[in-house]
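Trainee: After the structure tokens below, expect a handful of questions from me.
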Amino acid sequence: MISNMVTKLLSGLMTLLLGLFGPDEEDLKIYRRKIGGSVWHSCTRCKYWPREHFEETEDCPPFGLCPTCVQYEMQDRRFSGR
Ligand SMILES: [Zn+2]
């Protein structure tokens, strides 16, 4: 049980360190849209993030971005200072 907590703590720390010093995720950004849908998602934490039957692009869609994903991204930017 304690080792479980330590593992969680360590993986959390790694995520934090990777976020600070790792490769810039902007370069790896992927947008997904459900096939037949009109909304693009950019955040894997979005509850509408398509996991099957989707199309994918690396180019930022000019419109139709999911508001939930935009909100997540704004939060991320605030926390990482970007
Ligand atoms: Zn979304």
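Trainee: Along the principal axes of its C-alpha atoms, what lengths does the range 24-80 span, in descending order and rounded to whole Å?
Mentor: Ordered largest first, the range 24-80 gives principal extents of 34, 21, 21 Å.
Trainee: Could I ask something else about it? In percent, what relative contact order does the chain have, based on Cα pairs under 8 Å that are 6 or more apart in sequence?
Mentor: Result for the chain is 26 percent.
Trainee: Something else: Using packing as a proxy for protection, rank 48-59, 3-14, 28-39 so that the peptide with the highest average count of other Cβ atoms within 10 Å comes first.
Mentor: Result, highest mean first: 28-39, 48-59, 3-14.
Trainee: Now for a different question. Net charge near CYS66: determine it from the other residues with C-beta under 11 Å of the C-beta of CYS66, scoring Lys and Arg +1 and Asp and Glu -1. Working shown, then result.
Mentor: Values: positive: ARG32, ARG33, LYS34, LYS47; negative: GLU73.
After counting each charged neighbour, the total is +3.
Trainee: Here's another thing I want to ask about it. Under 21 Å between alpha carbons, and skipping anything fewer than 8 positions from LYS47 in its own chain: which lysines qualify?
Mentor: Filter leaves LYS29, LYS34.
Read-outs: derived from the displayed coordinates by stated rules, not from any lab. Just so we're clear, the structure is a prediction, and the values are computed from it rather than from any experiment. When we count neighbours, we look across all protein chains shown, and the Cβ atoms used for this are built from the backbone with ideal geometry, even at glycine.
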